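Written below as structure tokens is the structure these notes are about.
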Amino acid sequence: MTSGHNLGDRLHGWNALIERLGYEPNFHDAEIVELTLRTTGEPSSLSIFVPSFGKSYRGTEGLNVAFQLRRIRSIRIEEWAERNFAYGIKISDGGDVLNIEISPSAGAAGTIAAEEIDVVVGIDGPKGLVR
């Protein structure tokens, strides 16, 4: 789910994700697979698995989606668990930052604000990201 005009202009890879899915996602029931925070070098990342629920994502059971985060301004995560499922993930343009808001179904909730976010889409199961 998004907020703001032309989010795809600021969120590299967003339009490709919409094209792959056939709709603008709200990430309902997506599993948060990994959250990696880095202080230098490689970007930090939030990786999720979006189940297909019978839809065909090129014959797979779902999609891996990684949000690569650069220059994180703030992060707040609560109720981290062994497995974390989102009721929804909202991405919005906050002007000088892009915001990710995680609403929980089970497990983690929170927000991440970063100056840049890239979306990388993979096509295998929840074990690993394939580009």
**Complete:** Output for Cβ contacts, cut-off 8 Å, separation at least six or different chains, first residue aromatic (F, W, Y) in the range 8-26, second in a helix (DSSP H, G or I), reads W14/L7; W14/G8
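Would you confirm, using the coordinates I've provided, whether R20 is surrounded by 12 or more Cβ atoms within 10 Å (Cβ to Cβ), modelled with pLDDT under 85 and over 14 Å from the mean Cα position of the chain (by Cα)? Walk me through it before giving the result.
Numbers: surrounded by 12 or more Cβ atoms within 10 Å (Cβ to Cβ): yes; modelled with pLDDT under 85: yes; over 14 Å from the mean Cα position of the chain (by Cα): yes.
So R20 fits the description; yes.
Give the residue, chosen from L69, L129, L98, L46, that is closer than 24 Å to E19 by Cβ, at pLDDT below 95 and surrounded by 17 or more Cβ atoms within 10 Å (Cβ to Cβ).
On the way: L69 fails: at pLDDT below 95; L98 fails: at pLDDT below 95; L46 fails: at pLDDT below 95.
Among L69, L129, L98, L46, only L129 is closer than 24 Å to E19 by Cβ, at pLDDT below 95 and surrounded by 17 or more Cβ atoms within 10 Å (Cβ to Cβ).
Give the residue that is surrounded by the fewest Cβ atoms within 10 Å (Cβ to Cβ), with candidates limited to residues of the range 76-94 that are under 14 Å from I117 (Cβ atoms) and over 14 Å from the mean Cα position of the chain (by Cα). Lay out the reasoning, then the answer.
Of the residues in the range 76-94, the ones under 14 Å from I117 (Cβ atoms) are 89-94.
Pick out the ones that are also over 14 Å from the mean Cα position of the chain (by Cα) and you get 93-94.
On the way: D93: 17, G94: 12.
Per the criteria, the residue is G94.
The values are calculated or read from the model by the stated rules, or taken from the named source; none is laboratory data. Remember, predicted model here, so these are calculated numbers, not experimental data. Reconstructed Cβ throughout: ideal geometry from the backbone, glycine too, with neighbour counts over all protein chains shown.
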